[in-house]
1. Any residue at all in segment 159-168 that is within 16 Å of the ligand (Cβ to nearest atom) and in contact (Cβ under 8 Å) with a residue 40 or more places away in the chain?
2. What residue, of 60, 64, is within 16 Å of the ligand (Cβ to nearest atom), outside any strand (DSSP E or B), at pLDDT 95 or above and within 17 Å of residue 88 (Cβ to Cβ)?
3. Say whether the condition of being in a loop (DSSP other than H, G, I, E, B) and without any contact (Cβ under 8 Å) to a residue 60 or more places away in the chain is met by at least one residue in segment 325-333.
4. Residue 347 is checked against (1) in the same structural domain as residue 44 (by TED's automatic domain parsing); (2) surrounded by fewer than 22 Cβ atoms within 10 Å (Cβ to Cβ); (3) over 18 Å from residue 8 (Cα atoms) and fails just one. What number does that condition carry?
5. For segment 160-208, give me each residue that is within 21 Å of residue 242 (Cβ to Cβ), part of a strand (DSSP E or B) and in contact with a His (Cβ under 9 Å, 6 or more places away or on another chain).
6. Please give the number of the condition residue 203 fails out of (1) closer than 17 Å to residue 158 by Cα; (2) away from the ligand (no atom under 16 Å from the Cβ); (3) in contact (Cβ under 8 Å) with a residue 60 or more places away in the chain.
7. Residue 281 versus (1) outside any loop (DSSP other than H, G, I, E, B); (2) farther than 30 Å from residue 173 by Cβ: which is the lone unmet condition?
8. Does at least one position in segment 364-376 carry a residue that is within 16 Å of the chain's Cα centre (by Cα), charged (D, E, K, R) and outside any loop (DSSP other than H, G, I, E, B)?
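The values are calculated or read from the model by the stated rules, or taken from the named source; none is laboratory data. No experiment lies behind these values; they were computed from the predicted model shown. In this analysis, Cβ positions are derived from the backbone assuming ideal geometry, glycine residues included, and neighbour counts consider all displayed protein chains.
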Amino acid sequence: MSCKVLVKGVAVWQGDGFSGAVDLLIDEGRIARMGKGLSDPSAVEIRAEDWLALPGLVDLHAHLGEPGHEERESLDTGLAAAAWGGFTHVVAMPDTQPPVDTESAVQYLKERASRIRGARLLICAALTKERSGMELAELAHLAAAGACALGDAAPVEDPALMRRALQYASMLELPVFAQAADARLSGGGVAHEGSAGHWLGLPGIPASAEWIAVARELLLAEETGGRVHLQGVSTGRSVQLIREAKRRGVRVTAEVGFYHLLLDDEALADYDTRKKLMPPLRPRADGEALLEGVLDGTVDCIVTDHTPCTPEEKDAEFDVAPFGAAGLEVALPALYSRLVATGKVSWAALIEALSARPRRIAGLGEARIAEGAPCDLTLFAPGESGSVDPSRWRSKARNTPLAGERLYGRVKGIAVGRRLCGPCFEELEEVAG
Ligand SMILES: [Zn+2]
C-alpha cells in the first residue's frame, strides 16, 4: 500500500543517538516533513510513542527458496518475512533450483519481487555455472542484470577459479561472497569438533576448515586487489586473521550469523536439529571473539543466514537433518534483547552492523531519516515483549532454536520507497477498511 501516513511521537536515529519524540509525515515514498506537533488531515495517523525509527536494516544473507524449493519458502513469504523482521532489503542467495546463474534468472527474480509486498530484493548471483565450482558464470552479464554480489553460497574448492573470480569481479566493482569453509575438511561433520561435540558423539567439523578458507581468500584478495566478503565467519581465529588483513589494506568485509552471537555448542546437548547450523555453533570463546569483532568493525555485519527447512526435513536424526535455521523474523528482537538491552552492544554498533555497513557492501546509499529524504526506515517498539511463536510468522519456515523464548522488542513495520509493510500498517489497513 502507498498512502500518506503520519507517524506520531517516534524517536528517530540521528547518526549518533536518538532524537526526542518527533512526527514523520510519509508521502509518496519520502519523508515529506519531520518535526514536532505535525498534523495533516489527509494522512492516516500511527501512534508511535515509545517506538524507535531506525535506518532501514539490510540482511546480506538469506535463502528464499524460489525457484525450486517453494515447499520451504517462496519470494512472497520470504520478502514478507524480511519486512516483518524489520529489513527493508534482503540479499537472496543463488542456491535455488535451477540456480541463479544467468542474466535472465536475475531479471526474472527482480521482476517477480517488484510486484511483491515486502522487503526489496537484492540478488547474489552464482559465481560459477550451475554453482558447480567448475567454470565461472557470465559475471559481466550478471552484473549488468543488477546482481549486487557474486557467490555460490557454497565453498569454491578450486583456488585458481576463486583467484580469477576476484580479478573479474573487481573489474565489475562487485564483491565476491565467499563461504568461509573448506568442504574437504568439514565434509561429513555435523557439529563443531571440540569437547561438546565429542561428548555428544557427533561427527566433528574442525575450526581449521574455516581458518584455511579464510586465510586463502584473504591472500587471494590481497594479491588480486579484488573485494572479498567472507560469509559464515564463526571462529575467533578467523576474526584475528581478518583484523590483520584489514590492517594491511586488504579489501575484505565479513559477516557473522546472529545465532552464532547468541548460542554456543553446549546448546547441542538436547540434539535439537534446529541448532544444527553451517558453520556449526562454536564454543563460547568464539562467540565472544565474534562479538568483539563486530564492536571494533572487523566483522562488518550481522546477517540472518535465514535457512528455511520444512518440519519433515528437521524432524530427523541430528546426523541426517539439513543444516540451517530460519531467522528473518526473530533476529532483531533477539539481538536487541540479548545484546543491546543487556548493555553488551550499543544501538550505534548494532545499527552499523545491521544497516550502515551492509548497505555499503550491497552498494546501497546511506539511509537518512530526515526531512526530504527517501523513505528507508524500520519502526521498532523496544518496550513490547512476547514469546517467539514461529506459527505466526510470515515465513513458511518454523525452524528456529529460539521458539518459545521470551524476547523484548517488536518490529512494527518498514517504510522503503512507497512500500509500507509490517504489523502497524496492516492494522492501519484494517481500520481504513
Ligand atoms: Zn547461508
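1. Of the residues in segment 159-168, the ones within 16 Å of the ligand (Cβ to nearest atom) are none.
There is no residue in segment 159-168 that is within 16 Å of the ligand (Cβ to nearest atom) and in contact (Cβ under 8 Å) with a residue 40 or more places away in the chain.
2. Values: 60 fails: outside any strand (DSSP E or B).
Result: 64 is the single residue among 60, 64 that is within 16 Å of the ligand (Cβ to nearest atom), outside any strand (DSSP E or B), at pLDDT 95 or above and within 17 Å of residue 88 (Cβ to Cβ).
3. Of the residues in segment 325-333, the ones in a loop (DSSP other than H, G, I, E, B) are 325-330.
Checking which are without any contact (Cβ under 8 Å) to a residue 60 or more places away in the chain leaves us with none.
Scanning segment 325-333, I find no residue that is in a loop (DSSP other than H, G, I, E, B) and without any contact (Cβ under 8 Å) to a residue 60 or more places away in the chain, so the answer is no.
4. (1)
5. 176, 177, 178, 205 - these are the residues of segment 160-208 that are within 21 Å of residue 242 (Cβ to Cβ), part of a strand (DSSP E or B) and in contact with a His (Cβ under 9 Å, 6 or more places away or on another chain).
6. Just one mismatch for residue 203, condition (1).
7. It fails just one condition, (1).
8. Pass one, segment 364-376, residues within 16 Å of the chain's Cα centre (by Cα): 364.
Cutting the leftovers down to charged (D, E, K, R) gives us none.
Checked against the condition, which is being within 16 Å of the chain's Cα centre (by Cα), charged (D, E, K, R) and outside any loop (DSSP other than H, G, I, E, B), segment 364-376 yields no hits at all.
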